[in-house]
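Some notes on the structure that comes next.
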Amino acid sequence: MSAADKTRPRLFVWAPAPALLWTALFFVLPLLAMAVTSLTRREHGETVAFWTLANYRTFFTEGSGVFVAALWNSIEVTLIVTVVSVLVAYPIAYVLAYRVPARWQRMLLVLLVLPFWTSYVIRSYSWLLVLSEKGVISAGLQSLGLASGPIGFGNNRGATVLGFVHFFTMLLTLTIYANLAQIRESYRRAAADLGASPVQVFTRITLPLSLPGVAVGAFLTFVLAIGDYVTPQILGGSKELLLPQAIMLQVGRTADFPLASAMSMVLMAVVTIAYLLFARHLKMDRL
Amino acid sequence: MRLRGSTLASALVLIAAAIFIFLPVVVLVQFSFQDGLVPVPPFKGFSLRWYHKVLEDRRLVKALWNSVAVASLSSLIATVLGFLAAYGLARRRTGWNRAVELLLMAPITVSYLIIGMGLLMTFTMAGVPKSLLAVGIGHVVINLPLAFAICYAQLGEHQVAIERAAEDLGASPLQTLLLITVPMMAPSLAAAFALSVTLSWDEFVIAFLLSRFDVTLPVVIWSMLRSGLSPELNAVGTLVFAVSVLLLLVAELLTSRRRSS
């Protein structure tokens with residue numbers, strides 16, 4: 001390896017350069033620009049102040065608390081989504097990994113997560129077809145005589161949560177299955193041979209060993225859900241805003257980029273805090 | 001008896017999961033064939049009229065080709081850049097490797113909304129107008145980490161031996177790269193490309209923020225949504241889903257062939 005390195009080092013040195021340049025120009029630079037912009041104040045299209053925390057002050061105190069409310073809504077909805085998705089996905093992954101014959105597992109898994117690949121605008125729209133007043137559930141309840149008139153289930157927090165849970169159940173099924181499939185069967189068999197009941201095998205062996213997969217999936221769920229604009233915008237209605245919707249309002253209606261940047265920085269801070277919490281959790285599991 | 005109970009419970013879990021996961025997709029596809037004006041029950045009979053309408057809708061067809069162009073070009077760039085970076089890092093171990101990996105993977109931890117807004121602000125300052133080019137640049141940013149990771153995972157030591165053999169036989173470094181490494185990596189490159197196309201094809205927020213007159217398919221779908229439920233939307237959605245599944249199948253076949261070889 002080292003001899004070969006010496007004869008052709010140039011090609012290797014420069015090979016990562018284009019990718020690094022692209023990432024620096026179109027990812028790092030925009031984030032820096034955003035961070036700097038969040039510290040400026042613009043009024044009537046002109047920058048009136050530099051190095052000010054005015055936008056952050058606006059975010060946390062002004063607008064009768066709508067921004068802080070959006071932040072809390074986002075955190076609440078994302079936590080609910082993460083917990084519910086784990087609870088729904090775990091049994092599915094468990095059955096796939098331990099109750100389905102090995103040669104069917106991969107095919108069933110690919111089939112079960114197929115809708116994962118529908119366009120996310122279309123996926124939320126599809127839930128609208130199911131949940132709306134004229135939708136499938138409402139019509140079904142009426143034809144069964146369980147409802148006397150049309151009932152709408154859309155345009156509220158529950159619909160947003162449902163849309164999210166649908167998507168992240170598939171994601172978590174993938175990560176939890178991958179983890180469960182790696183746990184050696186001998187561990188569970190040894191526990192059973194030593195007299196552990198099926199419940200004990202699960203709580204003492206399988207569950208603890210599968211927590212890394214749960215943590216990875218849960219973290220991904222948290223990060224992707226808290227930054228998503230489409231699902232709450234289509235399914236959530238207008239009663240409450242989530243943070244990405246509030247950011248988009250600043251961009252779209254008032255073109256207030258400094259405030260939108262400050263809000264994005266807050267969103268990134270929340271994700272970073274979540275990462276730190278999850279990272280610590282992962283380490284504790286390994287001990 | 002206990003065994004039978006647990007088999008029944010397992011079957012119930014899988015059936016319930018399948019119903020929950022497929023319910024919206026089945027409704028979407030079924031009512032794309034609705035012979036009526038609204039894509040909700042009752043189902044009034046089978047008709048292809050909404051598919052005809054989609055194919056006659058100039059705006060949709062144009063957006064479709066825009067999406068194809070943006071997705072294929074941005075995925076091509078992401079795959080080439082990702083492969084080159086993976087090649088450089090895998091073949092030359094230095095103290096900087098870890099830092100370069102982290103930097104290249106960083107975009108996957110940031111929400112598309114923030115990446116899109118950052119680009120919008122940067123482009124505005126630099127005087128770059130909103131355009132499909134801007135959208136494509138953004139899509140390379142989100143796909144580059146993926147392409148890099150896929151190629152990096154597959155560039156192993158066993159290929160080094162073959163590369164060295166080629167050099168011993170007198171091939172130049174460039175010849176080795178193009179005639180030996182790239183063909184060996186073809187399945188990974190194709191998988192990275194297919195996955196990038198799938199993601200770019202579906203991407204909405206970045207495309208929404210960075211385009212104005214020429215737009216991609218998800219952006220047109222978004223604007224159609226404002227006028228409410230329509231079987232035409234179901235038809236577009238079904239078509240988009242079908243393309244995604246096809247791309248996914250291609251990627252899956254390529255990776256499984258690689259795994260078995």
Quiz prompt | Breaking point among (1) more than 12 Å from chain B (Cβ to nearest Cβ); (2) among the charged types (D, E, K, R); (3) part of a loop (DSSP other than H, G, I, E, B), for A:ASP228 | solution = (1)
Quiz item: Inside region B:124-223, counting only helices (runs of 4 or more DSSP H) that do not spill past its ends, which hold 3 or more residues that are at pLDDT 90 or above, at the interface with another protein chain (Cβ under 10 Å from one of its Cβ atoms) and out of contact with any helix residue (DSSP H, G or I) (no Cβ under 9 Å at 6 or more places or on another chain)?
Solution: none
Quiz item: Looking at (1) in contact (Cβ under 8 Å) with a residue 12 or more places away in the chain; (2) facing chain A (nearest Cβ under 9 Å); (3) surrounded by fewer than 22 Cβ atoms within 10 Å (Cβ to Cβ), can you tell me which one B:LEU254 breaks?
Solution: (2)
Quiz item: Mind checking whether some residue in region A:129-140 is over 28 Å from A:ALA89 (Cβ atoms) and polar (S, T, N, Q)?
Solution: no
Practice problem: Mind listing whichever residues of region A:231-255 are hydrophobic (A, V, I, L, M, F, W, C), part of a loop (DSSP other than H, G, I, E, B) and touching a residue at least 12 places away in the same chain (Cβ under 8 Å)? | Solution: A:LEU241, A:LEU242
Quiz item: Inside region A:117-149, can you point out the residues that are more than 10 Å from chain B (Cβ to nearest Cβ) and on the phi < 0 side of the Ramachandran plot?
Solution: A:LEU141, A:LEU144, A:LEU146, A:ALA147, A:SER148, A:GLY149
Exercise. Would you check which residues across region A:239-273 are touching a helix residue (DSSP H, G or I) at 6+ places or on another chain (Cβ under 6 Å) and under 19 Å from A:HIS44 (Cβ atoms) and list them?
Key: A:GLN250, A:VAL251, A:ASP256, A:PHE257, A:PRO258, A:LEU259, A:ALA260, A:SER261, A:ALA262
Quiz item: Do the conditions hold for B:ALA186, that is, is it more than 28 Å from A:PRO30 (Cβ to Cβ) and either loosely packed, with under 14 Cβ neighbours inside 10 Å or touching a His at 6+ places or on another chain (Cβ under 7 Å) (or both)?
Solution: yes
Self-check item: Tally, over region A:196-226, of residues that are closer than 16 Å to A:ALA178 by Cα and aromatic (Phe, Trp, Tyr)
Solution: 1
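The values are calculated or read from the model by the stated rules, or taken from the named source; none is laboratory data. Computed from a predicted structure; not experimentally measured. Please note: Cβ atoms are built from the backbone with ideal geometry, for glycine as well, and neighbour counts cover all protein chains shown.
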